[in-house]
Amino acid sequence: MPDLLSIGVTLLLLLVVYLSLDIMGLFNWGNKFQVEGRTVLLTGASYGMGREIAAQLSSRGASVILVARNVSKLESALAYAQSLAKSPSTQRFHLISADVTSEAENKRLLAEATTWNGGRVPEIVWTNAGSSVPDLLLNTSVETMRSQMELNYWAAAYLARETLTAWLYPTTPYSPQSVEKGGQSEAPRHLIFTSSVIAFVNIAGYAAYGPAKSAMRALADGLRNEILLYNGARRSSTSTGQAPAPFDVNIHSVFPGTIKSPGFEQENKTKHAVTHLLEAGDPAQSEAECATACIQGLEAGNYSTGTNWLSKLMRVSSLGGTPRNNWVLDICGQWVASIVWIFVLPDLEGKVWGWGKKEGMPARKTELS
């Protein structure tokens, strides 16, 4: 009878080897997020991580449509993206000024982007617009609570609905002959949501922002499952009525943590002292580092991507029914995270409790309704 200890050690060594090879990228079978020669529509593109995403997509050969409200910042971001173009003679760039919190504006910007793109809906749509106004709930006005939800959730939901409708049910229906049964006539489309690490674990001071990003995460989870209806319909031999699209649609989410950007500096103006205390040890990334991590996760084919070690740890600790990027790594990560939380949770709670004990009742803004 084989020695159980030897078997256990052998299995453990095999697991270590597998994890090592996977971490080195030897199991990553090619780029799952090809952007060269394709058009990307990117909201929140005028500064911060969005500006860097636009530039890095340009350097990979994509044509980019940059969307934000501030025209002068958009023009600067567009020039920056153009300067890094992989093929300047063939890549194209366009800017659209729009308020993405409006459903009508999302309809308009997608229509304008499609017209500019020769009547073809952009193949990649990235809902990146967002901002945080952190503070304690009792110091946050109802107006701010609503505006946080409008920008960080509804803007993404509006654009996602418009994009998926345009891809799957175009004004001019697809021809049944354009669909190859069991295959793809065209490369996949990609719909990407920029959420936040706060969607995994909310903390004191993000009472308005956290729920909006959590709602976005839930939306992406639901859409990833829902889109299988349409991807499956392309393989059907009995479909009637509307012809399916000649491509699959892939849903993705990225979850940045602290980004050293003008937006972060603005957040710190309203952030409560206890929130600063809780975030004191968090890793911070530059705008370029965060954009790079997001795109690398997409190129690896990940459904959900954390951008630094803390975001990745929070992701695996909160997966629930969310699809795994890598079953072995994510399951092992969950084991590690479950142990880490034994120490981290009491520390977080102790800091908040200790702040209240030391400082007393937090001051409340009297002008709030």
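Among the residues making up region 221-247, those that are touching a residue at least 40 places away in the same chain (Cβ under 8 Å) and not in a loop (DSSP other than H, G, I, E, B) are Asp221, Leu223, Arg224, Tyr230. Against the test of being within 19 Å of Val67 (Cβ to Cβ), assigned to a helix (DSSP H, G or I) and in contact (Cβ under 8 Å) with a residue 60 or more places away in the chain, the options Ala215, Ala160 yield a single qualifying residue, Ala160.
The set of residues from region 279-310 being in a loop (DSSP other than H, G, I, E, B) and in contact with a helix residue (DSSP H, G or I) (Cβ under 8 Å, 6 or more places away or on another chain) comprises Asp282, Pro283, Tyr303, Thr307, Asn308.
Condition check ((1) of a type in the set (Gly, Ala, Ser); (2) crowded, with 17+ Cβ neighbours inside 10 Å; (3) touching an Asp or Glu at 6+ places or on another chain (Cβ under 9 Å); (4) over 30 Å from Gly222 (Cβ atoms)) across all residues:
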residue	(1), (2), (3), (4)
Thr270	no, no, yes, yes
Thr275	no, yes, yes, no
Leu298	no, yes, no, no
Asn308	no, yes, yes, no
Lys312	no, yes, no, no
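Only residues that are more than 30 Å from Thr144 (Cβ to Cβ) and at pLDDT below 75 were counted across region 338-369, and they come to 1. Residue count for region 50-76 under the criterion of being among the small types (Gly, Ala, Ser) and closer than 21 Å to Asn152 by Cα: the result is 3. Selection of region 311-363 for residues being touching a residue at least 60 places away in the same chain (Cβ under 8 Å), within 20 Å of Lys213 (Cα to Cα) and part of a helix (DSSP H, G or I) yields Ser311, Met314, Arg315, Ser317. Taking the conditions (1) assigned to a strand (DSSP E or B); (2) within 16 Å of Ile198 (Cβ to Cβ); (3) in contact with a Pro (Cβ under 9 Å, 6 or more places away or on another chain); (4) of a type in the set (S, T, N, Q) in turn, Asn250 satisfies each one other than (2).
The values are calculated or read from the model by the stated rules, or taken from the named source; none is laboratory data. Every value quoted in this text rests on a predicted model; they were computed, and no experiment measured them. All Cβ positions, even for glycine, are placed from backbone atoms using ideal geometry, and neighbour counts span all protein chains on display.
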